[in-house]
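> Take a look at the following structure, please.
The values are calculated or read from the model by the stated rules, or taken from the named source; none is laboratory data. Since this is a predicted model, take the numbers as computed values, not measurements. Reconstructed Cβ throughout: ideal geometry from the backbone, glycine too, with neighbour counts over all protein chains shown. Please note that ligands, DNA and RNA were not included when accessible areas were found on the heavy atoms of the full protein model with its side chains. Shrake-Rupley method; radii C 1.70, N 1.55, O 1.52, S 1.80 Å.
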Amino acid sequence: MRVLMVAPPGAGKGTQGAIIAAHFDVPHIATGDLLREHVARGTELGRAVKERLDRGELVPDEVVLEMVRAAMVTAKSNGGGYVLDGMPRNITQARALYQIALSLEMTANVALHLKAADDELIRRLLARAALEHRSDDTEDVIRRRLALYHEVTHPIVEWYEARGILVSVDAMRPVERVARQILTALEAMRPLIDFVPETARRSVDLTGLGVAFGET
Ligand code: AMP
């Protein structure tokens, strides 16, 4: 299973990414975690990107693309599946990532979009700030990261929709319910994934499913 995630900060992509990766036994490649590790270890790359992370800005495309290419090469030798979390963040990255994946014969089967409202995201991120003390979880920086998501990241959702690999899920519910819905959808798709040509794929919108079944 090859999944990439498109979600605003606070929607739970780290949590859901880890659950999906464990379920399908594939590596969870989280660009934010990889970058924070570099900062914590004080590597040259870490020192170069620290300020941008602290300010909630994106780091240069070449930096993350190179990091992800290396992680995907490793993933290829471990079976070829992956959950990519935090990448792509803009349309340039989406296109470049597609080329990298094509060259490795590892294009994503699913682009998973976690949908949540801004006020809920801010509430969750401020709650996380109190627990984790991430340098970019202050209210100002949270608002900047959300604005950046709407401006440059969210537009890539349409790109994946046009490619027919988008699965949209309502992430405003408890973690277990969101996880169950994601895993059910991915399991339902799994037997078909290698047999349906890219041009014949269709996107799936599950965001109204809870309400349709009486969830409030
Ligand atoms: P995240 O943990 O996904 O919220 O990412 C934390 C921070 O890492 C972001 O605010 C960016 O500064 C940086 N970052 C993570 N992924 C990317 C990416 N694909 N492109 C550029 N910057 C990124």
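> Just checking, how many residues over the range 129-143 are touching a Lys or Arg at 6+ places or on another chain (Cβ under 7 Å) and in a helix (DSSP H, G or I)?
The number of residues fulfilling the criteria is 1.
> Which number in (1) more than 10 Å from the ligand (Cβ to nearest atom); (2) farther than 17 Å from VAL110 by Cα; (3) open to solvent by less than 70 Å² (accessible area, probe 1.4 Å) marks the one condition that PRO9 misses?
Here PRO9 meets the rest and fails (1).
> Quick one: how many residues across the range 207-216 are surrounded by 10 or more Cβ atoms within 10 Å (Cβ to Cβ) and modelled with pLDDT under 85? If you could, list the steps in order and put the result at the bottom.
If we filter the range 207-216 for residues that are surrounded by 10 or more Cβ atoms within 10 Å (Cβ to Cβ), which is where we start, we get 207-211, 215.
From what's left, modelled with pLDDT under 85: 208-211, 215.
Within the range 207-216, residues that are surrounded by 10 or more Cβ atoms within 10 Å (Cβ to Cβ) and modelled with pLDDT under 85 number 5.
> Name the residue, out of VAL68, VAL39, that is open to solvent by less than 80 Å² (accessible area, probe 1.4 Å), without any contact (Cβ under 8 Å) to a residue 24 or more places away in the chain, near the ligand (Cβ under 10 Å from one of its atoms) and in a helix (DSSP H, G or I). Write out each step before concluding.
Numbers: VAL68 fails: without any contact (Cβ under 8 Å) to a residue 24 or more places away in the chain.
Only one candidate passes the filter, namely VAL39.
> Would you be able to say whether some residue in the range 177-198 is open to solvent by 60 Å² or more (accessible area, probe 1.4 Å), part of a loop (DSSP other than H, G, I, E, B), within 16 Å of the ligand (Cβ to nearest atom) and more than 20 Å from ILE20 (Cα to Cα)?
So far as the range 177-198 goes, no, none of its residues is open to solvent by 60 Å² or more (accessible area, probe 1.4 Å), part of a loop (DSSP other than H, G, I, E, B), within 16 Å of the ligand (Cβ to nearest atom) and more than 20 Å from ILE20 (Cα to Cα).
> Output the number of residues of the range 155-170 satisfying the condition of being within 26 Å of ALA188 (Cα to Cα) and touching a residue at least 60 places away in the same chain (Cβ under 8 Å). Before the answer, list the steps.
Let us first name the residues in the range 155-170 that are within 26 Å of ALA188 (Cα to Cα), namely 156-170.
Subsequent filtering for residues that are touching a residue at least 60 places away in the same chain (Cβ under 8 Å) retains 156-157, 159-160.
Number satisfying all stated conditions: 4.
> Being farther than 29 Å from LEU146 by Cα, open to solvent by 60 Å² or more (accessible area, probe 1.4 Å), not in a loop (DSSP other than H, G, I, E, B) and not β-branched (Val, Ile, Thr) is the filter here; which residues of the range 71-99 pass it?
LYS76, SER77
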